[in-house]
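The values are calculated or read from the model by the stated rules, or taken from the named source; none is laboratory data. Only a predicted model underlies this, so the values are computations on that prediction, with no experimental measurement involved. Virtual Cβ from ideal backbone geometry, glycine too; neighbours counted across all protein chains shown.
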Amino acid sequence: MQFELTKELLADLRKWIGDGKDTSLHEFTKDLHPADIAEIMNALRIDEGVYLYRILDEERAAEVMLELDEDVQEQILSNLTSREIAEELIENIDSDDAADVLSGLSEEKQEEVIALLEDTNQANDIKDLLTYDEGTAGALMAVEMVKVQAQWTVAQAIREMRKQAEDLDNIYTIYVVNDQDQLLGTLSMKTLIFASASMRTTIKELYKESKVRFVNYDTAAEEVVRVMQKYDLVVIPVLDDDERLIGRITIDDIVDVMQEEADRDYQLASGISEDVESSDSVWTLTRARLPWLLIGMIGGMSSAYIIGVFDITQNPAMAIFMPLIAATGGNVGVQSAALVVKALANQSALDETVWQKLVKEFGVGLLNATVCSLILFAASQLFHFELMLSLTASIALFSVIIFASLSGTFIPLMLNKVKIDPALATGPFITTANDILGLIIYFSVGHYFLSHYSNLPLSLF
């Protein structure tokens, strides 16, 4: 049955925690998935979350810790001693997860925790992982994996695999390496067990040399996501500069990266400049949201200035279509930008040059502009607006849609070229720009018609 956290349930849990009813808490949580317990802890106060965390057994507590929201995880960790983190958490999780957890601690506390680890190999592995740059394959990978050397016999390989598998929940593939740990290929469990003539058969006789998809330790996380998506991989090996196998990245880590990327792009598109949560402090939320609000204000002030420059009092009827022109230009720009950002994310945008994409978008904009401007002209005449005003609004709308289509395509491509996240173009940036330029186009067209065609009939009907 699907777990659902309700206000009543949360109130009961808080009462149990307040009354110290550990038995009731144990009974309630024993059959829950770690993600469900994490959902509860995310909703509790920090002191309540720490209490619930401490009554869980070590392995279960470690699994729950990995499911917590990042800010809650950091706060829980800050309430634990270095020994608790080392012995009850780090020793019960994979090296990549351990490095992720420790990366949120101060360097001093990281050193304290690592020094308290009993397994020196694990400690060294975590130290190595912490040296890789954030957002790279090295920072994502785990060093726990199953690998066999080509010269080993089947019997020796099985013995070694048993030792290696003790630290693994899932064995996705068996990697075959030479005595320098350079990746040669992969071997399936089925082949290892059923294809060998005897236990003395060497791995070299069993595995097939083939092209293995891999990434280097410094490959960007976004590129790792793209490769695994493209080739439908659930695991990918990570190599160093000498083509030695140093780790593997599994699909669960990639899903986390994809979620983080989606959240960041959504926030950028919404005009939020930092990675924040609704539970963050007032100052943090304000700092993340205020810059784009100020930019929007500047855009609004620019629009007001444009209206003043063109002196709308000379023809106040033009104010009727101002919201339509501005809103349509913004919508068209966001549509175009969203398509380009999506194409850049999966690299399909590389199939065409900038000019090819602009030409294609010009064609789309031309068709959309024609349909929308004709509808606007017909509707405005049916509602008996002046012919000059109808023509002005329709021609301006036609021009604005084409311009917005081109700018919505060009801006994210240029942002990507200068290494700025193109998702920025799908938010207030392009909307504000198109609002301003849309009004300039609208009033310019209106000024031209007022100056040259003021003797047109009032209406076609």
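Looking across the range 373-390, the residues that are out of contact with any helix residue (DSSP H, G or I) (no Cβ under 6 Å at 6 or more places or on another chain) and surrounded by 17 or more Cβ atoms within 10 Å (Cβ to Cβ) come down to PHE385, LEU387.
In the range 142-153, the residues that are among the aromatic types (Phe, Trp, Tyr) reach residues that are outside any strand (DSSP E or B) with C-beta atoms within less than 6 angstrom, at least six apart or across chains, in these pairs: TRP152/ILE203.
Scanning the range 302-326 for residues that are surrounded by fewer than 15 Cβ atoms within 10 Å (Cβ to Cβ), modelled with pLDDT under 85 and hydrophobic (A, V, I, L, M, F, W, C) turns up ALA304, VAL309, ALA317, ALA319. Restricting attention to the range 91-135, the residues being assigned to a helix (DSSP H, G or I) and either within 29 Å of the chain's Cα centre (by Cα) or not β-branched (Val, Ile, Thr) (or both) number 28. Can you find a residue in the range 425-432 that is assigned to a loop (DSSP other than H, G, I, E, B) and buried (at least 20 other Cβ atoms within 10 Å of the Cβ)? Scanning the range 425-432 turns up at least one residue that is assigned to a loop (DSSP other than H, G, I, E, B) and buried (at least 20 other Cβ atoms within 10 Å of the Cβ).
Entry remark, the range 77-113: residues being surrounded by 21 or more Cβ atoms within 10 Å (Cβ to Cβ) and among the β-branched types (Val, Ile, Thr) number 4 in total.
Yes or no: the range 30-38 includes at least one residue that is more than 30 Å from GLU112 (Cβ to Cβ), modelled with pLDDT of 90 or more and over 26 Å from the mean Cα position of the chain (by Cα). So far as the range 30-38 goes, yes, one or more of its residues are more than 30 Å from GLU112 (Cβ to Cβ), modelled with pLDDT of 90 or more and over 26 Å from the mean Cα position of the chain (by Cα).
Comparison of ILE236, ILE249 shows that the only residue that is of a type in the set (A, V, I, L, M, F, W, C) and either touching a Phe, Trp or Tyr at 6+ places or on another chain (Cβ under 7 Å) or loosely packed, with under 14 Cβ neighbours inside 10 Å (or both) is ILE236.
Remark: pairs (first residue in the range 432-446, over 11 Å from SER303 (Cα atoms); second residue of a type in the set (Ser, Thr, Tyr) and surrounded by 22 or more Cβ atoms within 10 Å (Cβ to Cβ); Cβ separation under 7 Å; 6+ apart in sequence or on different chains) = VAL445/THR392; GLY446/THR392.
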